[in-house]
Structure formats: structure tokens, C-alpha cells
Amino acid sequence: MTGSDRRAVAAWLLGCAALTFAMVVVGGITRLTESGLSIVEWQPLAGALPPLSQADWEALFAQYRATPQFGKVFPDMGLEGFKNIFWWEYAHRLLGRTIGLVFLLPYLWFLFRKQLSRSMALKLAGVFVLGALQGAMGWYMVQSGLVDNPRVSHFRLAAHLGMALLIFSMEFWLALDLLRREQNSRTKTLPVLAAILVFLMALSGGFVAGLRAGHAYNTFPLMSGHLVPPEAFMLEPWWRNFFWNVATVQLAHRAIFWLLLIVIPIVWWRARPTPARIAGGHLMAMFVLQATLGISTLLLAVPVPLAAAHQAGAVLLLACALWTAHATSTSTPSTANIAAAMR
């Protein structure tokens, strides 16, 4: 790949990552407003068109009225209220379709023009496959809420979020690789650990959201007066608590935060005298902002605007962590750079 090819592909990947970020944010708002179950069918092609007539709206509303969510959560909802939740879910699905096209068409163009190396082409094909699986996972998640208990499975919600974060991470990391002049990067342990912990904390947030654990303990730093609430390990066997116990799920989310409170300042401090200081500074600043958003969301009992900002902050923090891990890696100069240096 030439330098111009690398820059063009990197710019495209950063654009895809930005759209994936938007997808996570819209998905968070869709969940927070309980809009995700408003469309009860998965129509990848026909579903791209919105309702175009009053008859279309009435038909969609009739389908929704047959769901358990309408009967148990919104029994008094009228057509106008239905439209409010419908548009969030529709925007979420439409954005997913848009991302698919924005990824696939330029990928085929770069492939046709031979602007991709073989290894990069295979990696990008893997990202596309993950994106297709993500669409299927989204519908699989929605199906779990179209039952007597109108809440989506927190396992499927976490899987859906995790796949989105993985796609974002791959797009962002590959773009950074393309923008780097060296090759054969060897990442350092602590910055990579920070990125992994940020990913796990965001993933645990999916469990917190799915179980609505954020509404259970609205104090900080203690949980109802305890660092570890006594009910955190009430289920048997003990490991079930980490998946079904609201107290334990929120405790695990907080525990990762406490770990990051140690790890991220160390990463930032070590990066200060190195070329990675800008990335490390952004990581530290974003961590402070995200911690502020998370604590505020908790203390105020999960208001929708703050909770949505907190979810957006998780993706931005992940981006900063990946950037820092990439920037602090040591590299072997490419053959071209070595030859240039010898002239």
C-alpha cells in the first residue's frame, strides 16, 4: 500500500468508527427510552422504508399493541406516543443499514483498485462479517423482549453492546496502524491492560443496564452504607451472582472503575516524557470526565440525558485507551524507512 492509499483507507475507517460510535449512542437512547421493542419484525430491506401513510402507522401500531410491552408497560399509549418510541428504534436500524453500506461499498472500491494489501483486505472482511453478525444479534436481542416479560435478555444486550465495541475497536486500531509509519508494533503491557479494562467496564455496563442495576444503589462510593453489600453473594452457587444478582453486577462495574483509577494515572504518568504524551493526556482527561458522568448518573437515578452521555463517554474512553496503547507501543522501522535513513 502506498502512503496515499494508507491515508485514504485510514480516513474511511475513522469515518466508519465515528458512525459506529453514533450507533452505540443511539442504541443507548433507544434502550433508555424503552423504544427497542416498538418494531416487532426484522425486515433488512423492506424495513428501510418508514411508514408513509396513516394506514401504515395504524398497521404498525396494531402489531405493537399485540406485544406484552404494550399491555404491561405502556397500556395507555396512543398513536402519537407510539411514534415517539418508533422513531428511535427506526433511526437505530436505519443507521445500522447505513453503516453497512458505508463500509461495504468503499471496501469493494479499494479492493477493485488494489489499494489494500492482502492482510488488510482479510482483516477488513472480518470486520464486515462481524457487522453482519451484529445485525442478527440485534434482532436476536429484540426477540427476547417480545415475550411475557417485556425486557430484553441482559446477556443478549451485553453481547450486542460488546460486538459494537469490538467493531469500533477494530476499525479504530486498523486506522491507527495505517497512519503509523513503522511496522511490527509491540504493545506495552500496562496500556493494553488499561484498554482491556475499559472494554470490560463498558461491557459490564451492558449487564448493569439490562438488569437495571443502576436504579438499585444510588449512593457513592458506598452501596447502601457498605463497600461490599451483604446481599452481593446471596445466590448459590456463588458465580451466579455475577450474572443475575443486581448488587453484584453493580459491584463488579464499580470494581473495574477502582482498578482503572489506579491503572490510568500510571499509564498517563509514564506517557508524559514520551511521544505518547498527547494520547495519554486525552486518556486521563476522558477518564475524569467519564467518572464524573458515571457518578452523576448513579446519584441522580439514571436520567436519560446523563445515562446516554455516560454510554457515549465509554466509547470515547475506549478510543483514548486504544490510542494510548497504540502510541506507547515500540516498533521496528519499515524497510523503506531504514533505506531512507541510510541515504
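The values are calculated or read from the model by the stated rules, or taken from the named source; none is laboratory data. The structure displayed is predicted, hence computed values, not measured ones. Backbone-built Cβ (ideal geometry, glycine too); neighbour counts: all protein chains shown. We work out accessible area using only protein heavy atoms, side chains counted, and drop any ligands, DNA or RNA first. Shrake-Rupley method; radii C 1.70, N 1.55, O 1.52, S 1.80 Å.
Would you please name the residue that is least open to solvent (accessible area, probe 1.4 Å), looking only at residues in the range 233-247 that are among the hydrophobic types (A, V, I, L, M, F, W, C) and more than 22 Å from the chain's Cα centre (by Cα)?
Filtering first and then ranking leaves A247.
Count, please, the residues in the range 252-300 that happen to be hydrophobic (A, V, I, L, M, F, W, C), open to solvent by 40 Å² or more (accessible area, probe 1.4 Å) and assigned to a helix (DSSP H, G or I).
Residues in the range 252-300 being hydrophobic (A, V, I, L, M, F, W, C), open to solvent by 40 Å² or more (accessible area, probe 1.4 Å) and assigned to a helix (DSSP H, G or I): 15 in total.
Can you spot a residue in the range 165-176 that is surrounded by fewer than 17 Cβ atoms within 10 Å (Cβ to Cβ) and not charged (D, E, K, R)?
Yes: the range 165-176 contains one or more residues that are surrounded by fewer than 17 Cβ atoms within 10 Å (Cβ to Cβ) and not charged (D, E, K, R).
Can you tell me which of (1) surrounded by 22 or more Cβ atoms within 10 Å (Cβ to Cβ); (2) modelled with pLDDT of 95 or more is the one L200 doesn't meet?
Going through the list (1) surrounded by 22 or more Cβ atoms within 10 Å (Cβ to Cβ); (2) modelled with pLDDT of 95 or more, L200 breaks only (1).
Looking at T187, T219, which is the one that is touching a residue at least 40 places away in the same chain (Cβ under 8 Å), in contact with a strand residue (DSSP E or B) (Cβ under 9 Å, 6 or more places away or on another chain) and open to solvent by 20 Å² or more (accessible area, probe 1.4 Å)?
T187
Would you mention how many residues in the range 116-126 are surrounded by fewer than 18 Cβ atoms within 10 Å (Cβ to Cβ), in contact (Cβ under 8 Å) with a residue 24 or more places away in the chain and in contact with a helix residue (DSSP H, G or I) (Cβ under 7 Å, 6 or more places away or on another chain)?
1
Go through the range 47-74 and report how many residues are within 20 Å of R97 (Cβ to Cβ), assigned to a helix (DSSP H, G or I) and open to solvent by less than 30 Å² (accessible area, probe 1.4 Å).
Looking only at that region, the number is 1.
Filter the range 272-297 down to the residues that are at pLDDT 95 or above, of a type in the set (A, V, I, L, M) and more than 18 Å from the chain's Cα centre (by Cα) and list them by number.
I278, A279, M284, A285, V288, I295
Would it be correct to say that V263 is hydrophobic (A, V, I, L, M, F, W, C) and touching a residue at least 60 places away in the same chain (Cβ under 8 Å)?
yes
Going by the conditions given, is N218 farther than 16 Å from S296 by Cα and not hydrophobic (A, V, I, L, M, F, W, C)?
no
Starting from residues that are in contact with a Phe, Trp or Tyr (Cβ under 6 Å, 6 or more places away or on another chain) and free of Cβ contacts under 8 Å to residues at least 24 places away in the same chain, keep the ones in the range 225-260 and report whichever is nearest to G280 (Cα to Cα).
T248
Given L95, L111, which one is in contact (Cβ under 8 Å) with a residue 12 or more places away in the chain and either of a type in the set (A, V, I, L, M, F, W, C) or open to solvent by less than 40 Å² (accessible area, probe 1.4 Å) (or both)?
L95
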